[in-house]
Each structure stands twice: as C-alpha cells, then as structure tokens.
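The values are calculated or read from the model by the stated rules, or taken from the named source; none is laboratory data. Keep in mind it's a predicted model, so treat the numbers as computed, not measured. A quick note on method: Cβ atoms are made from the backbone with ideal geometry, for glycine too, and the neighbour counts reach across all protein chains shown. Ligands, DNA and RNA are stripped out before the accessible areas are found, and what is left, the full protein with its side chains, is counted by its heavy atoms. Shrake-Rupley method; radii C 1.70, N 1.55, O 1.52, S 1.80 Å.
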Amino acid sequence: MTRDDAEDILLEAGTATDGEFPLLEAAIACAIHEEPARDPQAARDIGIAGVERLSQRLKRETPEEALAEAMAGDLRLGGDLFTYEDPDNADIISVAERRKGLPVAVGIFYLHVARRCGLTVAGVDFPGHFLLRIETEEGPLALDPFSEGRVVLPSELTRRALHAGLTPNVADRLDRLMAPVSDRAVLIRLQNNIFARATAARDFPRAERAALRRALLDPTDHRPWLDVAAAREGQGALAGALEALARATTLDGGAALAARAARERVRLRLN
C-alpha cells in the first residue's frame, strides 16, 4: 500500500457514518500513510486472534473480565511504561508487532475485537488518559487498556479528573467522565497525539502528515487545516501554508478571522 492508497482509504472513511466507521482499517491506513511499504498483516492478525480468544472466554467469564484477559493476558497487549515517548507507540502496526503502545493505540484493538464479539464498548475521551467504557448487566464500567484492561473505579476516575485539572463539580459527574465518543474521534485523538509530539520535536513533515490525516478523517472540520498550515510554514512551504489556510476559511467562516491573520503573516514572509 502506498501513501496515496492510504489517503484514499482515509478519505472514504471520512465520509462513513459513525456506525460504519472502519476503525482498525483506518488506523492501519494512518500507519501506512506515515511509513509506506509496510506489511499491515500483524495488525490484522491481532484483530483475528483477539476475536477467537474473546469468543471463547465470553462463554465462561463476564464481559469485562473476558475482554481484559483476551487482550492483555492471551495477546499480551499493554502500555509501554518504559519508552512511552517512542513514536512507535502511536503506530498501530508497530503496536501489533511490539504488543505495547499508547492507551488509545492499544484501545483501538480492544474496540475492534469487542465489537466483533457483540460487546458494547466505546472510547472515552478522558483528559490525559484514554479509557474504554463497557456496558455490563450492572451498568457501565471504565477499563484502562494501558493497564491490562483493569477496571477503573469511580473514585479513581474522580481522582484522575481532579489531577488533570477539572473542577470538582465536573470531576464528580461520572456521566460526563464516562461519556462515550465515536470511533472517528478515537482515531483523531491518536493523530492529535502524533501531531503534538511531532510539533514539540519540530518534526514539521511528520506534524503535517498527522494533521492531514485528521483533515481526511473529518472533512467538515476546519481545525486540521490550520495545523497543516502551521506545519507547512514550519518547513518554509509558504505557498502550501496559504492553500491550507484558504481551505480552513472555506470550511468554517468562523475561522476566517484567525485564518486571515495567519494568511497575512505568511504573505508578509513571502514578500
């Protein structure tokens, strides 16, 4: 698969409804877009093996136990505690090969496998640490894919929320802390992570690719194009930055003021 092929897959995923969003295949396309000419079979194999393991465990275990044991116990998927900043932790193919990664990257495998086995599981856009929400007979539970799928108790959710800077009246609202998000939002969160790390490292080509993937995954959002423009400006590609700013303005007139100011700054540099 080439980078152009990956962009075509992401463009198609961007038009899919939330219920039909191809999470694992779109995540694989993101990884290929970042580093083409790789074999994605390791990631697909994790998905296949996970479904087989979880299907068997669901016959004798509760959903939350079965999911955690299948993914963390049988497949050895977990968080990278020692080299957390390694870029491979955000790459779904590398995560499959290394069996470790960021919470959201590992969580994508949990989501894919759980859905194939009929479980109701969704991502939770928790501040500072991605979590999963699984529906059980006793009610929804929060799972941490980074920590071997263990259940996160309500008291710990509140503690984590306070530590992340949320106000007490929000940190005590479990309905808000555990609000499910779409698969599209999950994959965009992973690209946001890549963009932020690349920008901090002044790796502007990598930042541009991550922002472009966000733009393809959500073609109605103007914000990725602002980030594409910033990454291109960082590379000195000023004409490309202007083009991206124009795209942002076209998508959302509310961004017009910020985009115009940025365009004027770039034009001055061109002159």
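General observations
- Summarising the amide proton neighbourhood of G78: residues at separation of 5 or more, or on other chains, whose placed amide H is nearer than 5 Å comprise K100, G101.
- The alpha carbon centroids of segment 180-259 and segment 61-127 are separated by 26 Å.
- Accessible surface for the chain, divided over its residues, is 47 Å² per residue with a 1.4 Å probe.
- Within the accessible area of the chain (1.4 Å probe), percent carbon and sulfur: 51 percent
- Folded to 0 to 90 degrees: helix 3-15 orientation relative to the chain principal axis, Cα: 70 degrees
- Nearest 10 degrees, 0 to 90: helix 23-34 Cα axis against the chain principal axis: 40 degrees
- Overall form of segment 53-212 per C-alpha gyration tensor (a/c, 1.5; a/b vs b/c): oblate
- Candidates E69, E233, E156: whichever shows maximal mean-square fluctuation once the chain is modelled as a Gaussian network with Cα springs under 10 Å: E156
- Angle between the chain longest axis and helix 204-217 axis [Cα atoms, degrees, rounded to 10]: 70 degrees
- Put simply, the amide H of V152, placed in the peptide plane, has neighbours under 5 Å in A142, L143, D144, leaving out anything fewer than 5 places away on its chain.
- Computed label-point distance, nm, for sites R3 and Q235 using a 7 Å Cα→Cβ extension: 0.7 nm
- Residue-wise HN-Hα coupling along segment 227-232, computed from phi with Karplus coefficients 6.51, -1.76, 1.60 (Hz; x: Gly, Pro): 6, 4, 4, 5, 5, 5
- Karplus-derived 3J(HN,Hα) values for segment 105-121, using 6.51 cos²θ - 1.76 cosθ + 1.60 with θ = phi - 60°, are 5, 5, x, 4, 5, 4, 4, 4, 5, 4, 5, 5, 9, x, 7, 9, 10 Hz; glycine and proline are entered as x.
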